[in-house]
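**Student:** Mind having a look at this structure? Questions to follow.
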Amino acid sequence: MNPSYRLKELVLYFLKLGTIGFGGPVALVGYMHRDLVEKRKWILEEDYKEGIALAQLAPGPLAAQLAIYLGYVHYRIIGATLVGFAFVLPSFLMVLALGYAYVRAGGLPWMQAVFYGIGAAVIGIIVISSYKLSKKSLGKDWLLWGIAIVLAAATFITEKEILWLILAAGVIVWFYKAPPRFKTTNMLFLSPLLLQITSGISANERLSQIGWFFFKAGAFVFGSGLAIVPFLYGGVVKEYQWLSEQQFLDAVAVALITPGPVVITVGFIGYLVAGIQGACVAALATFLPCYLFTILPAPYFKKYGKLPAIKAFVDGVTAAAIGAIIGAVFVLGKRQITDITSAIIAIITIALLLRFKKIQEPLIIIGAAIVGLLIRYFN
């Protein structure tokens, strides 16, 4: 089936999404569904669900993996490569500029004020995105809703996505809807196990250390871009002591107030550690595993994804992924909504998005940033 769009159009869409797509992985995957599946109908619902499932099974940032997979759907490796590059480039350039300003100014004192307003608005945005994604993907299937609720609770309690639960969800739906025959489906369980293999390397040069550390971050951390934060903290603050506690918190804040994938915080960290070279090495090392673990299994997903057994497994994993995303919303909300004012900002954001269907999220983000600055000024 020939695509109803040109590769250039898809690349431009992801360039735009990488430039103005605020809200982190939950919001970004919601935007992709809204724009590419519902509005433009460039991507089929089945292809989107396969992309979500693959992104959950493989390590790396969720939104970037889904973008790469959607680029692969009709235009294969060239599409995946161009889309991935277009999606990441805008936010990478932004964090480079912020890194330069941060070093020159010795910190970003205004960032806490801006992040106060934006952080609360982002919670509202991802609440709406999660609601729409759940309603569309889970429908009225009690089993899928049950799985989503269990994963949401597990993610909220542990504050991380649990791979074995996501896999178990796929197996449960697979056994329930299409009893296995133990043929083609076995490959689905092999790759995540292989991805757990680790190895060591000794490196004396700073760039080599950066490259290897961030490659491990991209290769062995599952879930959304937010899941990489604890791993990064253990390495850059505790193990290598490249950054102080405050510098690391500022790096995470930069990632959250810039559009595109949250994991782009690695570019900011790399810049603080070793300048532009450090930023480039950190970003490339982090996204390379994500790219490879998406395009290598993709042909198998396309070939076998329509089989009843695989489809049932994908449905289960998708439900688990949505549950994990919902749990992440509560985790983020617990940290961002710290007082009455931030709660009001989040509630107003939700109300605006429900009342005005066509309102653009960047406008809300800008408004929230201004509110944050005003609150800081008057206090």
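The values are calculated or read from the model by the stated rules, or taken from the named source; none is laboratory data. In this text the structure is predicted, and so the values were computed from the model without any measurement. All Cβ positions, glycine included, derive from the backbone under ideal geometry; neighbour counts span all protein chains shown.
**Student:** Only one of these conditions is not met by W42: (1) over 11 Å from the mean Cα position of the chain (by Cα); (2) part of a helix (DSSP H, G or I). Which number is it?
**Tutor:** Here W42 clears every test but (2).
**Student:** In segment 53-69, which residues are in a helix (DSSP H, G or I), in contact (Cβ under 8 Å) with a residue 60 or more places away in the chain and farther than 15 Å from L133 by Cβ?
**Tutor:** Those that are in a helix (DSSP H, G or I), in contact (Cβ under 8 Å) with a residue 60 or more places away in the chain and farther than 15 Å from L133 by Cβ: L54, L57, A64, Q65, I68, Y69.
**Student:** Still on this structure, I have one more. Could you tell me which of the residues K8, K41 is under 17 Å from F85 (Cα atoms) and charged (D, E, K, R)?
**Tutor:** K8
**Student:** Restricting attention to segment 55-96, and to residues there that are under 16 Å from L36 (Cβ atoms) and among the β-branched types (V, I, T), which single residue is surrounded by the fewest Cβ atoms within 10 Å (Cβ to Cβ)?
**Tutor:** Here the answer is V73.
**Student:** Being at pLDDT 85 or above and not in a helix (DSSP H, G or I) is the requirement here; does K140 meet it?
**Tutor:** The answer is yes for K140.
**Student:** If you don't mind, there's one more thing I want to ask. I'd like the residue in segment 330-346 that is at pLDDT 90 or above and among the aliphatic types (A, V, I, L, M) and, out of all such residues, is nearest to S130 (Cα to Cα).
**Tutor:** A346
**Student:** Can you tell me how many residues within segment 117-129 are at pLDDT 80 or above and not aliphatic (A, V, I, L, M)?
**Tutor:** 2
**Student:** Now for a different question. I'd like to check something: does segment 24-39 contain any residue that is over 14 Å from the mean Cα position of the chain (by Cα) and either outside any helix (DSSP H, G or I) or closer than 17 Å to S91 by Cα (or both)?
**Tutor:** Scanning segment 24-39 turns up no residue that is over 14 Å from the mean Cα position of the chain (by Cα) and either outside any helix (DSSP H, G or I) or closer than 17 Å to S91 by Cα (or both).
**Student:** Same structure again: Can you tell me which residue within segment 4-48, out of those that are under 22 Å from A368 (Cβ atoms) and of a type in the set (V, I, T), is surrounded by the fewest Cβ atoms within 10 Å (Cβ to Cβ)?
**Tutor:** Selected residue: I20.
**Student:** Looking only at segment 333-358, which residues are in contact with a helix residue (DSSP H, G or I) (Cβ under 6 Å, 6 or more places away or on another chain) and among the aliphatic types (A, V, I, L, M)?
**Tutor:** I337, I345, A346, I350, L353
**Student:** State all residues of segment 42-98 that are among the basic types (K, R) and at pLDDT 90 or above; if no residue qualifies, say none.
**Tutor:** Correct list: R76 only.
**Student:** Scan the helices (runs of 4 or more DSSP H) fully inside segment 240-317 and keep the ones with 3 or more residues being surrounded by 22 or more Cβ atoms within 10 Å (Cβ to Cβ).
**Tutor:** 245-257, 265-295
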